[in-house]
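Chemist: Take this structure, written in structure tokens, and hold onto it; I'll ask about it next.
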Amino acid sequence: MIHLLNLPQPNSLDDKLDPPMGLMYIASVLRSRGYLVKITDLSFIDRKDWKEAIGYADIYGMTVFSSSLYLAKEVAKICKENVPCCKVVVGGPHPTSLSFETLPFFDCVVKGEGEFSLFRDLNGVLEQPQIEDLNQLPLPARDLVDIYAYTRSVAGNKATSITTSRGCPYNCAFCCKDVFGHKVRYFSIPYVIKELKSIIEEYDIRTFIFYDDTFALDRNRYYPLCEELKKLHITFRCNGDARQNTYQDFKILRDAGCKEISFGIESGSQEILDRMGKGATVLKNKDAIKNAKLAGLTVKAFLMIGNPGESEQTIEETKQFILDADPDQFTLFQFVPLPGCAVWKDLEKYGVKIVNKDFRNYYNIAGHNEGGIVIETEDLTASKILELKDDLLSFLDNRGQRGKLQNY
């Protein structure tokens, strides 16, 4: 028996937004090989009941983020209390980036994509190669969780998540790509349509969020995909690419059923965008937002405060950007140098000093729009970053939001 455990994310806007896609893919591969597998989402279970919910299994598996590492340790202890001879396996961003620092607390750490890791000797660090052909994966085992219990909505309707690609070609200094890498790999269009049809037929859900880092990336691929999506008469939300998307791109998306689009804008300061390796310009970001709105999409701008080089001046530039570009909605994240990102790997280069090494504080945004304060920059103390964030958040709140997009 293999028991996959989804950890709560206490420091998040909502840890019940979407089902655990990674665990569902792992479960589907295990079942295809004849293993008995179960998924339990501990986000829905009171902590005092975890021991019973974790139960008895030969192997336990968890996806671990930096901010949930302490919970993974707690759960591993319970697993060993229940079944002393069990194996506890962890994967995900934190174990991938800090494998040997993570290993002492578990039996096995998986570096990279975890679908095929449980067919190996579960001791030490397992470095998994990237899956070149994603189509070899069975559809994720959504039947092992309660799809309807999750809170995701799109355009005001009950929605669920789907991924059509893995990887991102860009080099943003705040992002860690240790798990999925820089090479973008795609599920085939027939695979995606088959998955969507299965969700519609089995769960009567016709509204989706596409979780690709950038769904609208390759026109040669997503244009024909949109033609197929149009036939399904679905509604969806996706991430756009402000660096290259045009009005025509947004019209194609809108005609296919897209109602909401999000852009990783981060800052209204060109200095910050350049320093963080965004490969974007303030002008292109403005144009993307305006063109997407013109095409009939509700637009969300993801913003980030406290990046290296941040100052009162750059925050004023971000305020002006919001006034000029006029996105419908925004979400303001706190910059945190997550393990594996470029800033984490070279703090001195980016003028950053870590002042809090407790990983439970390594999160970008929580339920009241607060983020973990773990750094100082050359220009700003930790307390000053917090002060400037509160000021920017107040500005954004006063400006107001339009539409029904969720915060994330």
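The values are calculated or read from the model by the stated rules, or taken from the named source; none is laboratory data. What you see is a predicted model; the values in this text were computed from it and never measured. So basically every Cβ, Gly included, is an ideal-geometry build from the backbone, and we count neighbours across all protein chains shown. Side chains included, ligands, DNA and RNA excluded: accessible areas come from the protein's heavy atoms. Shrake-Rupley method; radii C 1.70, N 1.55, O 1.52, S 1.80 Å.
Chemist: List the lysines whose Cα lies under 17 Å from the Cα of LYS389, skipping any in the same chain that are fewer than 8 positions away.
Modeler: Answer for LYS389, where 17 Å is the Cα cut-off: LYS319, listed by chain and number.
Chemist: Between ASP358 and GLU202, what is the label-point separation in nm under the 7 Å Cα-to-beta-carbon projection?
Modeler: 4.1 nm
Chemist: If you don't mind, there's one more thing I want to ask. By how many nm would the segment from GLU316 to HIS182 grow when fully extended, if each residue of separation counts as 0.36 nm and the alpha-carbon distance is taken off?
Modeler: Working: separation 134, 0.36 × 134 = 48.24 nm, distance 3.25 nm.
So the chain would gain 45.0 nm between GLU316 and HIS182.
Chemist: Report the Cα centroid-to-centroid distance between segment 118-148 and segment 165-208 in angstrom, as an integer.
Modeler: 14 Å
Chemist: Additional query: Pick out, from GLN244, ILE200, ILE234, the residue whose Cα sits farthest towards the positive end of the charge dipole of segment 178-247, with +1 on the Cβ of Lys and Arg and -1 on the Cβ of Asp and Glu.
Modeler: GLN244
Chemist: Which three extents, in whole angstrom, do the alpha-carbon atoms of segment 128-286 cover along their principal axes, largest first?
Modeler: 49, 38, 32
Chemist: Along its principal axes, what span do the Cα atoms of segment 312-408 show, with the longest given first and each in whole Å?
Modeler: 38, 27, 22
Chemist: Given a cut-off of under 8 Å on Cα pairs at least six residues apart, what relative contact order in percent is computed for segment 135-201?
Modeler: 28 percent
Chemist: Using a probe radius of 1.4 Å on heavy atoms only, what accessible surface per residue do you get for segment 84-187? Whole Å² is fine.
Modeler: Result: 40 Å² per residue.
Chemist: OK, next. If you project the alpha carbons of segment 1-157 onto their three principal axes, what span does each projection cover, largest first, in Å?
Modeler: 45, 41, 30
Chemist: I've got another one for you. Heavy atoms only, probe 1.4 Å: what % of the accessible area of the chain goes to carbon and sulfur, would you let me know? Intermediate results must be reported in sequence, preceding the final value.
Modeler: Values: 8310 of 16690 Å².
Percent of accessible area from carbon and sulfur atoms in the chain: 50.
Chemist: Highest mean first, how do 103-115, 389-401 rank when packing is the count of other Cβ atoms within 10 Å averaged over residues?
Modeler: The densest-packed peptide leads the list: 103-115, 389-401.
Chemist: Sorted by packing (mean other beta-carbon atoms within 10 Å per residue), highest first, where do 258-266, 42-50, 164-172 land? The partial results should precede the final answer.
Modeler: On the way: 258-266: 24.8, 42-50: 13.2, 164-172: 18.4.
The packing order, highest mean first, is 258-266, 164-172, 42-50.
Chemist: Please tell me which of these pairs span more than 31 angstrom C-alpha to C-alpha: LYS183/LYS230; LYS80/LYS353; LYS183/LYS384; LYS194/LYS251; LYS278/LYS353?
Modeler: LYS80/LYS353; LYS183/LYS384
Chemist: Given Cβ point charges of +1 (Lys, Arg) and -1 (Asp, Glu) and nothing else, what value in debye, to the nearest 20, does the dipole of segment 296-408 about its Cα centre take? Don't jump to the answer; show the numbers that get you there.
Modeler: Working: 12 positive and 18 negative charges, 108 e Å.
With only Lys, Arg, Asp and Glu charged at Cβ, the dipole is about 520 debye.
Chemist: How big is the dipole moment of the chain about its Cα centre under a simple scheme where the beta carbon of each Lys and Arg is +1, that of each Asp and Glu is -1, and everything else is neutral? Debye, nearest 20, please.
Modeler: So the magnitude is around 900 debye.
Chemist: I need the Kirkwood Rh of segment 211-253: take the reciprocal of the average 1/r across all distinct C-alpha pairs and report it in angstrom.
Modeler: 10.7 Å is the Kirkwood radius here.
Chemist: Can you tell me which of 346-354, 330-338 comes out highest on packing, and rank the rest after it, using the mean Cβ neighbours within 10 Å?
Modeler: 330-338, 346-354
Chemist: Sticking with this one: Label segment 212-285 by shape, choosing from rounded, prolate and oblate, from the square roots a ≥ b ≥ c of the eigenvalues of the Cα gyration tensor; if a/c is under 1.5 it is rounded, and otherwise prolate applies when a/b is larger than b/c, oblate when it is not.
Modeler: Prolate is the answer for segment 212-285, as a/c is 1.5 or above and a/b outweighs b/c.
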